[in-house]
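S.K.: My structure is below; once you've seen it, I'll send some questions.
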Amino acid sequence: MEQGKEFMLVFRYEPSNDYQPTEAEMNEMYQQWGAFIGNIAIQEKLVSTHQLGFEGKQIFADKSVSEGIHISNKQTLGGNMIVRSHSIDEAVGMAKNCPILFMGGSVEVRAIQPM
């Protein structure tokens, strides 16, 4: 594949302590994610993908540390994916098939800038 630009797809969703999916629902979600990631990989556009856990700590400017993950507007980060595409619009097209959308979550597509 011709070298394209890299974009990060950031997955956000609203965690719920009240609802825990059944084993069948979890298996269905894993299949949906597998198909989504696999489709991008087959096109040789997948660079990497990561699912984030629920444990974490936050470090602030004053060097203080807080237990737990950041939740803003009732949403948290669930993971990310880096894809290679010719344009942000192509990356957005990939993101429109993301299973997180069917769960009420969202995908943010951002260009990656080298440091």
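The values are calculated or read from the model by the stated rules, or taken from the named source; none is laboratory data. Bear in mind that the values here come from a model prediction, so they are computed numbers and not experimental data. FYI the Cβ positions are ideal-geometry reconstructions off the backbone, even for glycines, and counts take in every protein chain you see.
S.K.: Answer with yes or no whether MET81 is of a type outside the set (Phe, Trp, Tyr), surrounded by 11 or more Cβ atoms within 10 Å (Cβ to Cβ) and in contact (Cβ under 8 Å) with a residue 12 or more places away in the chain.
M.R.: yes
S.K.: If a residue must be at pLDDT 95 or above and either in contact with a Cys (Cβ under 6 Å, 6 or more places away or on another chain) or more than 25 Å from VAL47 (Cα to Cα) (or both), how many such residues does region 68-115 contain?
M.R.: Number satisfying all stated conditions: 1.
S.K.: Mind checking whether some residue in region 23-45 is of a type in the set (Gly, Ala, Ser) and touching an Asp or Glu at 6+ places or on another chain (Cβ under 7 Å)? Don't jump to the end; show me each part of the working.
M.R.: So the first thing to find is which residues in region 23-45 are of a type in the set (Gly, Ala, Ser), and the list is 24, 34-35, 38, 41.
Now narrow it down to the ones that are touching an Asp or Glu at 6+ places or on another chain (Cβ under 7 Å): none.
Scanning region 23-45, I find no residue that is of a type in the set (Gly, Ala, Ser) and touching an Asp or Glu at 6+ places or on another chain (Cβ under 7 Å), so the answer is no.
S.K.: Now a separate question. Report every pair of residues separated by at least 6 positions or lying on different chains whose Cβ atoms are under 8 Å apart, first residue within region 28-54 and in contact (Cβ under 8 Å) with a residue 60 or more places away in the chain, second outside any helix (DSSP H, G or I).
M.R.: These pairs meet every condition: MET29/PRO21; MET29/MET103; PHE36/ASN97; PHE36/CYS98.
Each row is one residue, and each column tells you yes or no for (1) within 19 Å of the chain's Cα centre (by Cα); (2) among the hydroxyl-bearing types (Ser, Thr, Tyr); (3) under 18 Å from PRO99 (Cα atoms).
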| position | (1), (2), (3) |
| --- | --- |
| LYS5 | yes, no, no |
| ALA24 | no, no, yes |
| ILE40 | yes, no, yes |
| VAL47 | yes, no, no |
| GLY56 | yes, no, no |
| SER72 | yes, yes, no |
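S.K.: Something else now. If I ask for residues that are more than 13 Å from the chain's Cα centre (by Cα) and either among the β-branched types (Val, Ile, Thr) or part of a loop (DSSP other than H, G, I, E, B) (or both), which ones from region 74-91 would you list?
M.R.: Hits for region 74-91 are LYS74, HIS86, SER87, ILE88.
S.K.: Evaluate region 62-80: report whether one residue or more is closer than 12 Å to VAL10 by Cβ, in contact with an Asp or Glu (Cβ under 7 Å, 6 or more places away or on another chain) and not charged (D, E, K, R).
M.R.: yes
S.K.: Any chance you could count how many residues in region 10-37 are modelled with pLDDT of 95 or more, aromatic (Phe, Trp, Tyr) and not in a helix (DSSP H, G or I)?
M.R.: 1
S.K.: Out of ILE40, ILE69, report the one residue that is under 24 Å from GLY104 (Cβ atoms), assigned to a loop (DSSP other than H, G, I, E, B) and of a type in the set (A, V, I, L, M).
M.R.: ILE69
S.K.: Output the qualifying pairs, or none if there are none: Cβ atoms under 7 angstrom, residues six or more apart or on different chains, first residue in region 101-115 and farther than 17 Å from LYS5 by Cβ, second residue modelled with pLDDT under 90 and part of a loop (DSSP other than H, G, I, E, B).
M.R.: So the pair list comes out as GLY104/GLU14.
S.K.: Something else: Select from region 19-71 the residues that are surrounded by 11 or more Cβ atoms within 10 Å (Cβ to Cβ) and among the β-branched types (Val, Ile, Thr) and list them in ascending order.
M.R.: Selection gives ILE37, ILE40, VAL47, THR49, ILE69, ILE71.
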